[in-house]
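Each remark here refers to the structure printed beneath this line.
The values are calculated or read from the model by the stated rules, or taken from the named source; none is laboratory data. Note that the coordinates shown come from a computational prediction; the quantities given were computed from them, not determined experimentally. In this analysis, Cβ positions are derived from the backbone assuming ideal geometry, glycine residues included, and neighbour counts consider all displayed protein chains.
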Amino acid sequence: MADDNIDALLHVLWAHPSGNIIENYIRAYNAIKDKYQKPVATWIYGPNNQAVRQLGFQLEDMGFPVFKDLEAAVKALGLAIQYAKTRLQG
């Protein structure tokens, strides 16, 4: 994210039913929270809807948008980048 050539981050996360990897995701998001002024969009999938929802709620509570499908996440990033470019052209 620190690279000037990176404009945004699309995260596709696997919510493992055991929940083991969820702690790692939370640590990773904590590491970038409030550190970069770049849009982040997340889509979470997995076989256990409860694990998907739980991780989504945790990330949203941290201020990260979580989308119900990958297409919506990609569209949101596209709109955020268009908006930023429009503001720069001002």
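Counting only residues that are among the basic types (Lys, Arg) and in contact (Cβ under 8 Å) with a residue 12 or more places away in the chain, which one in segment 32-67 is nearest to Leu9 (Cα to Cα)?
Within segment 32-67, the match that is nearest to Leu9 (Cα to Cα) is Lys38.
Tally time: how many residues in segment 21-55 are touching a helix residue (DSSP H, G or I) at 6+ places or on another chain (Cβ under 9 Å) and part of a helix (DSSP H, G or I)?
Result for segment 21-55: 7.
For segment 34-75, which positions are buried (at least 18 other Cβ atoms within 10 Å of the Cβ) and either over 13 Å from the mean Cα position of the chain (by Cα) or among the aliphatic types (A, V, I, L, M) (or both)?
Residues satisfying the conditions are Val40, Ala41, Ile44, Ala51, Val52, Leu55, Leu59, Val66, Ala73.
For the list (1) assigned to a loop (DSSP other than H, G, I, E, B); (2) modelled with pLDDT of 95 or more; (3) among the β-branched types (Val, Ile, Thr), I need the number of the one condition that Val74 fails.
(1)
Would you call Ala41 out of contact with any Ser or Thr (no Cβ under 9 Å at 6 or more places or on another chain) and either β-branched (Val, Ile, Thr) or closer than 20 Å to Val74 by Cα (or both)?
When the stated conditions are applied, Ala41 passes them.
Which ones in segment 56-71 are within 17 Å of Gly46 (Cβ to Cβ) and in a loop (DSSP other than H, G, I, E, B)?
Passing the criteria: Lys68, Asp69.
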